[in-house]
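The block underneath contains the structure these notes are about, expressed in structure tokens.
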Amino acid sequence: MHVPDGFLDAPTSVATGVVAAGTVALALRGARRELDERTAPLAGLTAAFVFAVQMMNFPVGAGTSGHLIGGALTAVLVGPWTAVLCMTVVLVVQAVLFADGGLTALGTNVTLMGLVAVVLGYGVFRLVVRLLPPTRGGVLAGAAVGAFLSVPAAALAFVGLFAVGGVADVSLGAVAATMGGVHLLIGLGEAAITVAVLGAVLTVRPDLVHGAAHLRRAVELAPRPVVAPASGSTR
Amino acid sequence: MGAGHGGALGAVYVPGSSVVHRLAAHVKLVGVLAFALVVVATPVGAGWAWAAYAGFLALVLGAAAVARLTPRRLVRGLAVEIPFVVFALLMPFVARGPRIEVAGLSLSESGLAAGGGLLAKATLSVLAATVLAATTEARELLRGLERLRLPAVLVQILSFMIRYADVVSGELRRMRVARESRGFRPRHLGALKVLGPAAASLFVRSYERGERVHLAMLSRGYTGRLAGDPAAAVAPAQWAVGLSLPLAAAAVLGAGMLVG
């Protein structure tokens, strides 16, 4: 769910807008390191992928379906900075073209889904990957934990913003419990989808997965055994 | 998170030649943003708040009428609000403060006001943004964002995303048609075994398309900047027309504050 206009008061919206602008500025520099001058086309196409895959409905049981949010998955696939840019671009398009998420709340949405979800998801991923042996299973486990935690983390960040600048008099404990509980469930779905997608990419094109770079082994270059030329050669 | 976000980008714009269509994109962007700010700034608790909301609604519907948008298009734009409506409807039940009985339910007064206010504000802003999206081509919107000093690289990423979003979504749709014509029905979590690799191949295809696009750009002399025509100057009259919506809304707000 994107935060609409008028949900948070003006100071909070402005503050998150400043945070979002700073994050995007940093991400623009960081993405250049990840993708060099290919940033624009590759980040653009990855954003188009995120946009499309958010429309894909995955059944999660009991007749309900959910869709991927994709912050952690994108960070593992293309690197955290590019992922921040991709999520930001998707949110801008959704706000400007589909009125999904308010224009004045754009900074809030970028902070929650671009910054908190991606950075926390990727941070947890790196931590888990470091603790586990460098295998495909380790990468998938890291992505699962990162994706799972990124969703309730964004929800709780939202509750925090709501506590600071919410316009309704609601008991915070109740909001935190409800949002946290619901988003733990959504996080489970996010983790399952992330693992399914990432596992398949690792099978087909492991070289494309930024978060699995440590699994790639350099091709060993061994000197070809030299056959000594016969003494009676024509050369 | 039931329904997914978005839809076909091409279906957003409604071609036309009204005054609203002809305004420069960045003027419209500023106008809609300022309108949303005025709407958000209206205090929910004030007694005249609902009169102000009615005034804002009349203004934004007036703008839609000038742009010759059909009610259907506006309602379609409002569909994004649905998950949020659920949240706003919960508000009277969970908020604190004095409670009133409505049809046998114990509701919080402040929660009712807050939920209603949130719903009104969100609806008004969504309507304004829908008018913007329906009267401005995606490419024009990008140029508008560029003129509002959005970083050039971000604008380039946005332009690639908008250009290829329908291509990538189209691949996704064809993959779904192919799956379903072979009898696949996603029913439970086991479907992830099929849907996961589908999404994965979509990523691989998108990324490889990005690499091909980059090579094609390089072979056409891309140096990291996209060439564009110099932006035409915008006459003050255009600004006056574009800002009439937020200015009128601000007048409504001011009148409410004076009277109330």
Unmet criterion (only one of (1) within 20 Å of residue B:44 (Cβ to Cβ); (2) open to solvent by less than 20 Å² (accessible area, probe 1.4 Å); (3) more than 11 Å from chain B (Cβ to nearest Cβ)) for residue A:175: (3)
Qualifying residue in the range B:41-49 (condition: in the same structural domain as residue B:245 (by TED's automatic domain parsing) and touching a Pro at 6+ places or on another chain (Cβ under 8 Å)): yes
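Condition check ((1) modelled with pLDDT of 90 or more; (2) part of a loop (DSSP other than H, G, I, E, B); (3) of a type in the set (Val, Ile, Thr)) across all residues:
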| site | (1), (2), (3) |
| --- | --- |
| A:75 | yes, no, no |
| A:83 | yes, no, no |
| A:103 | no, yes, no |
| A:108 | yes, no, yes |
| A:111 | yes, no, yes |
| A:115 | yes, no, no |
Checking residue A:181 against (1) in contact with a helix residue (DSSP H, G or I) (Cβ under 6 Å, 6 or more places away or on another chain); (2) under 30 Å from residue B:117 (Cα atoms); (3) more than 11 Å from every other protein chain (Cβ to nearest Cβ), the condition it does not meet: (1)
The range B:67-81 - residue that is assigned to a helix (DSSP H, G or I) and of a type in the set (D, E, K, R) and, of those, farthest from residue B:22 (Cα to Cα): B:81
Verdict on residue B:40 being open to solvent by 60 Å² or more (accessible area, probe 1.4 Å), at pLDDT below 90 and part of a helix (DSSP H, G or I): no
Exclusive hit being surrounded by 19 or more Cβ atoms within 10 Å (Cβ to Cβ) and in contact with a helix residue (DSSP H, G or I) (Cβ under 6 Å, 6 or more places away or on another chain), set B:148, B:132, B:154: B:132
Single condition residue B:183 does not satisfy, out of (1) over 30 Å from residue A:81 (Cβ atoms); (2) part of a helix (DSSP H, G or I); (3) at pLDDT 85 or above: (2)
Candidates A:203, A:135, filtered to the one that is among the polar types (S, T, N, Q), free of Cβ contacts under 8 Å to residues at least 12 places away in the same chain and on the phi < 0 side of the Ramachandran plot: A:203
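The values are calculated or read from the model by the stated rules, or taken from the named source; none is laboratory data. Predicted, not measured: the structure shown is a model, and the values here were computed from it. Note that each Cβ is placed from the backbone with ideal geometry, even for glycine, and that neighbours are counted across all protein chains shown. For accessibility, only protein heavy atoms count, side chains too; no ligands or nucleic acids. Shrake-Rupley method; radii C 1.70, N 1.55, O 1.52, S 1.80 Å.
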